[in-house]
Ligand SMILES: [Zn+2]
């Protein structure tokens with residue numbers, strides 16, 4: 001029996017049938033799905049196993065990997081299939097706290113060891129933190145990495161109470177703090193906390209209506225605690241109201257939003273102030289109902305924050321705002337149907353914005369509805385807008401798999417217990433995380449004047465990190481996070 005054959009026999013029947021079916025259609029089954037193993041090796045060696053529900057899947061993958069070495073063709077084919085079946089995704093990041101770093105640091109011959117991990121000399125030398133290797137203010141690398149001899153070695157070393165001193169055979173001297181070395185060797189979820197500005201997520205449903213996250217307006221820049229609390233609420237809940245905001249002049253809202261980060265211009269403009277009149281060719285500018293969706297699925301990098309402020313509503317009624325916690329619904333789907341979740345996590349979808357003359361904006365590639373960190377497997381982003389959906393990156397005979405999964409997702413989104421409705425009023429600014437919280441609205445009559453803006457994801461997360469971890473901690477994590 002060939003190793004490929006024995007490998008296939010280890011797969012669940014459903015995978016095997018699908019594999020045969022694809023081959024029968026003459027399709028290359030490794031043409032889609034994600035490459036999982038190169039970045040996943042740590043999963044099998046990390047100190048704590050937290051994949052309770054998926055440890056079987058991981059074991060299964062390790063078996064495949066071991067067999068795959070002997071049979072590269074079988075490995076590649078089955079790898080895609082196994083990830084499509086996989087439930088190794090995590091619907092959220094529950095690791096939000098930095099744990100104390102522990103481990104023994106020692107030098108054995110020419111090698112630094114942290115616990116049982118070997119630290120390559122080239123990495124150590126490249127990440128020397130001295131003022132001639134790293135600019136003290138900008139933290140940019142000054143060292144020309146590729147002047148480091150490939151066989152750079154330790155001339156002498158000294159393990160001190162606070163860190164490790166090394167003299168290299170190129171004559172350079174380096175000092176490394178213990179935390180620096182320990183963090184570099186800690187597991188990816190810990191390392192990602194500061195870099196990604198992770199926080200303990202508070203997932204919610206319709207019941208949040210009784211006590212939604214909110215702050216009272218303060219003059220921008222007048223109180224650093226306001227900024228910090230706003231960032232915390234946005235990170236933990238995915239939205240926050242800012243009440244009692246002056247609404248006679250939309251510029252007050254603009255200045256408030258600019259105090260978070262600069263406003264992102266798009267083909268619709270920058271800061272907007274409009275009355276429903278179809279000035280821009282998009283359904284958002286009409287008075288029809290809008291289902292819960294995220295904005296900007298047609299961009300490679302959708303806006304991170306979005307803000308609305310209803311400045312006035314005259315001669316009519318309706319237009320309640322709908323918010324749905326996409327991460328909470330993702331968690332529900334993950335629990336209910338891991339295979340459907342995996343499909344939405346892996347099948348790329350293309351989107352477009354073509355309503356304005358002279359443009360058809362499309363991302364440089366398709367992205368899945370549920371976008372995960374490839375290393376930690378944490379859910380990072382929800383991209384969901386059926387109006388703007390274009391093609392689905394699956395061979396046409398298989399697109400029904402995506403529709404089946406999306407139908408389950410859509411049904412959960414529309415469960416009344418997940419829909420939080422709120423009638424916005426002048427003075428209440430709504431700011432929300434467009435990578436997590438979906439928004440919509442009911443139909444309305446009359447004239448509504450609304451202002452608002454987009455803010456980039458990277459900019460607001462940078463602000464969160466500066467306020468919650470501090471610049472020094474964030475910069476300390478650059479090489480090791
Ligand atoms: Zn140096």
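The values are calculated or read from the model by the stated rules, or taken from the named source; none is laboratory data. From a predicted model like this one, the values you see are computed outputs, not experimental measurements. When we count neighbours, we look across all protein chains shown, and the Cβ atoms used for this are built from the backbone with ideal geometry, even at glycine.
On the basis of being in a helix (DSSP H, G or I), in contact (Cβ under 8 Å) with a residue 12 or more places away in the chain and within 30 Å of residue 185 (Cα to Cα), does residue 473 make the cut?
In short, yes.
Restricting attention to the stretch 202-215, does a residue exist that is at pLDDT 95 or above and more than 25 Å from residue 415 (Cβ to Cβ)?
yes
Can you tell me how many residues in the stretch 104-130 are within 19 Å of residue 162 (Cα to Cα) and in a loop (DSSP other than H, G, I, E, B)?
Looking only at that region, the number is 6.
Which condition breaks for residue 113 when tested against (1) surrounded by 13 or more Cβ atoms within 10 Å (Cβ to Cβ); (2) in contact (Cβ under 8 Å) with a residue 40 or more places away in the chain; (3) away from the ligand (no atom under 15 Å from the Cβ)?
(2)
Six or more apart or on different chains, Cβ atoms under 6 Å: show the pairs whose first residue is in the stretch 124-136 and closer than 24 Å to residue 105 by Cα and whose second is near the ligand (Cβ under 8 Å from one of its atoms) and not in a loop (DSSP other than H, G, I, E, B).
Matching pairs, first to second residue: 128/174.
Which condition does residue 183 not pass, out of (1) free of Cβ contacts under 8 Å to residues at least 24 places away in the same chain; (2) away from the ligand (no atom under 14 Å from the Cβ), if it passes all the others?
(1)
Mind telling me which of the residues 412, 394 ends up being crowded, with 17+ Cβ neighbours inside 10 Å and in a loop (DSSP other than H, G, I, E, B)?
Criteria check complete, one pass: 394.
Out of all the residues in the stretch 437-447, is one or more in contact with a helix residue (DSSP H, G or I) (Cβ under 8 Å, 6 or more places away or on another chain), in a strand (DSSP E or B) and more than 29 Å from residue 139 (Cβ to Cβ)?
Within the stretch 437-447, one or more residues are in contact with a helix residue (DSSP H, G or I) (Cβ under 8 Å, 6 or more places away or on another chain), in a strand (DSSP E or B) and more than 29 Å from residue 139 (Cβ to Cβ).
Run residue 311 past the list (1) in contact with a helix residue (DSSP H, G or I) (Cβ under 9 Å, 6 or more places away or on another chain); (2) more than 24 Å from residue 379 (Cα to Cα); (3) at pLDDT below 95 and report the number of the one that doesn't hold.
Going through the list (1) in contact with a helix residue (DSSP H, G or I) (Cβ under 9 Å, 6 or more places away or on another chain); (2) more than 24 Å from residue 379 (Cα to Cα); (3) at pLDDT below 95, residue 311 breaks only (3).
Taking the options 169, 178, name whichever one is over 30 Å from residue 422 (Cα atoms), away from the ligand (no atom under 16 Å from the Cβ) and touching a strand residue (DSSP E or B) at 6+ places or on another chain (Cβ under 6 Å).
Testing whether each residue is over 30 Å from residue 422 (Cα atoms), away from the ligand (no atom under 16 Å from the Cβ) and touching a strand residue (DSSP E or B) at 6+ places or on another chain (Cβ under 6 Å) leaves just 178.
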